[in-house]
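A.B. asks: Here's a structure for you.
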Amino acid sequence: MKTPLIVAVLPFLVATHAFAANDAARKEAAARYAEDKKLCAEESTSSVRMQCLRDAKAEYNKALKSAATKTSSSGACPDCGKVVAVRVEEKAGEGSALGVIAGGVAGAVLGNQVGQGTGRDIATIAGAAGGAYAGHKIEEKVKSSKVWKVSVRFDSGDEKTYSFEKDPGFAAGDLVKAGSGSIVRR
């Protein structure tokens with residue numbers, strides 16, 4: 001009973017063939033674009049060279065779009081891709097007036113402990129200013145959080161990075177599908 005196996009493997013084979021065909025079409029378009037740029041470099045004036053380069057780029061983009069359209073119409077999944085990188089980044093917290101006020105008061109109290117007369121007044125003002133700044137920075141640090149950035153290369157060749165507030169559990173090489181502004185495993 002080989003029919004269920006063929007039915008199960010056939011979509012994979014079609015998608016693999018479509019991806020290989022898309023890759024070949026992209027390489028062919030890139031080679032053609034490189035040749036066109038060489039021809040453009042031989043133009044006599046800068047305005048003609050620039051127009052030539054714009055036209056070459058337009059043709060290149062059109063060839064890439066055509067390759068992607070052929071891939072998606074041949075049964076491949078246009079929203080499917082592969083995780084190429086996962087990075088954890090520190091997201092700075094936001095300070096509020098509370099941190100500034102608390103730091104300023106603490107700095108002013110400490111500054112008031114220094115010196116006498118005018119020196120004490122200057123130390124109080126400097127302590128308040130320094131304390132306000134320090135309070136703001138401390139609050140930002142306390143409220144910071146981690147963000148997981150997951151980069152995906154889609155079967156169409158496009159790349160996009162998704163951000164997650166919690167560890168999504170993805171690793172490089174995982175097969176994913178995009179939808180509703182996020183990604184899920186396939």
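Matching residues to (1) touching a residue at least 40 places away in the same chain (Cβ under 8 Å); (2) of a type in the set (D, E, K, R):
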| residue | (1), (2) |
| --- | --- |
| 123 | no, no |
| 131 | no, no |
| 136 | yes, no |
| 142 | yes, no |
| 150 | yes, no |
| 159 | yes, yes |
| 165 | no, yes |
| 172 | yes, no |
| 179 | yes, no |
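A.B. asks: Further question: Give me a count of the residues in the range 155-167 that are at pLDDT 90 or above and surrounded by 15 or more Cβ atoms within 10 Å (Cβ to Cβ).
C.D. replies: The qualifying residues number 2.
A.B. asks: Under 6 Å between Cβ atoms, which residue pairs at least 6 apart in sequence (or on different chains) link something in the range 22-46 that is under 12 Å from residue 157 (Cβ atoms) with a partner that is small (Gly, Ala, Ser) and in a helix (DSSP H, G or I)?
C.D. replies: Hits for this filter: 22/67; 25/67; 26/67; 29/63.
A.B. asks: Do we have residue 119 as small (Gly, Ala, Ser) and either in contact with a helix residue (DSSP H, G or I) (Cβ under 9 Å, 6 or more places away or on another chain) or within 26 Å of residue 65 (Cα to Cα) (or both) here?
C.D. replies: Numbers: small (Gly, Ala, Ser): yes; either in contact with a helix residue (DSSP H, G or I) (Cβ under 9 Å, 6 or more places away or on another chain) or within 26 Å of residue 65 (Cα to Cα) (or both): no.
Judged against the criteria, residue 119 is not a match.
A.B. asks: Could you tell me which of the residues 94, 139 is farther than 29 Å from residue 24 by Cβ, surrounded by 13 or more Cβ atoms within 10 Å (Cβ to Cβ) and either modelled with pLDDT under 75 or among the polar types (S, T, N, Q) (or both)? If you could, list the steps in order and put the result at the bottom.
C.D. replies: On the way: 94 fails: surrounded by 13 or more Cβ atoms within 10 Å (Cβ to Cβ).
When all the criteria are applied, what remains is 139.
A.B. asks: Among the numbered conditions (1) at pLDDT 85 or above; (2) not in a strand (DSSP E or B), tell me where residue 118 comes up short.
C.D. replies: (1)
A.B. asks: On to the next question. Evaluate the following for residue 21: is it touching a helix residue (DSSP H, G or I) at 6+ places or on another chain (Cβ under 6 Å), aliphatic (A, V, I, L, M) and either at pLDDT below 60 or surrounded by 14 or more Cβ atoms within 10 Å (Cβ to Cβ) (or both)? Reasoning before the result, please.
C.D. replies: Working: touching a helix residue (DSSP H, G or I) at 6+ places or on another chain (Cβ under 6 Å): no; aliphatic (A, V, I, L, M): yes; either at pLDDT below 60 or surrounded by 14 or more Cβ atoms within 10 Å (Cβ to Cβ) (or both): yes.
When the stated conditions are applied, residue 21 does not pass them.
A.B. asks: Only one residue in 75, 99, 107 is at pLDDT below 75 and under 30 Å from residue 28 (Cα atoms). Which one?
C.D. replies: Values: 99 fails: under 30 Å from residue 28 (Cα atoms); 107 fails: under 30 Å from residue 28 (Cα atoms).
That would be 75, the only listed residue that is at pLDDT below 75 and under 30 Å from residue 28 (Cα atoms).
The values are calculated or read from the model by the stated rules, or taken from the named source; none is laboratory data. The shown structure was predicted, so the numbers you read here are calculated from the model rather than taken from an experiment. Neighbour counts are summed over all protein chains in view; Cβ atoms, including those assigned to glycine, are modelled from backbone coordinates with ideal geometry.
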